[in-house]
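A short worksheet on the structure shown next.
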Amino acid sequence: MRLKFIADVHISPLTVKELQKAGYTVTRVTDNLPSTSSDSEIIQLASKEQAVIIT
């Protein structure tokens, strides 16, 4: 199983792009949730997606 990552709103989009270029599977929280989402909503998303949160 390959690790997946979800970058929270404080991670630069440029950082996400560089990680993706390096071959990592990374999405941003704002790809799936509003930028005002609570920590618990982000944790639920990560659990559903089986992803590690980058903060």
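We did not get these values from a lab; they are worked out from the coordinates using the rules stated. Values in this document were obtained by computation on a predicted structure and should not be read as measured data. Heads up, the Cβs are rebuilt from the backbone with ideal geometry, glycines too, and the neighbour counts pull from every protein chain shown.
Once amide H atoms are built 1.01 Å from N in the peptide plane, which residues 5 or more positions from Ile53, or in another chain, come under 5 Å H to H?
Result for Ile53 returns Ile6.
If you work out Cα extents along the principal axes in Å from the coordinates, which of (i) 29, 26, 15; (ii) 30, 21, 16; (iii) 77, 13, 10 do you get?
Identified label for the calculated read-out: (i).
Taking neighbour Cβ counts within 10 Å as the exposure measure, how do Ser37, Ser47 sort from fewest upward?
Ranking Ser37, Ser47 by Cβ neighbours within 10 Å, fewest first, gives Ser47, Ser37.
Report relative contact order for the chain in percent, whole number only (criteria: Cα-Cα under 8 Å, sequence separation at least 6).
51
Let me have the 222 nm mean residue ellipticity of the chain computed from DSSP H runs of 4+ only, each contributing -39500 (n - 2.57), with the sum over all residues rounded to the nearest 500.
Computed ellipticity for the chain at 222 nm equals -10500 deg cm²/dmol.
If amide H atoms are built 1.01 Å from N in the plane of the peptide, which residues on other chains or at least 5 residues away come under 5 Å of the amide H of Thr25?
Excluding prolines and chain starts, which carry no amide H, the hits are Phe5.
Return the sequence-ordered ³J(HN,Hα) values of the stretch 28-42 in whole Hz as given by the Karplus equation 6.51 cos²θ - 1.76 cosθ + 1.60 applied to θ = phi - 60°, using x for Gly and Pro.
9, 3, 6, 6, 10, 9, x, 5, 8, 4, 6, 4, 5, 5, 5
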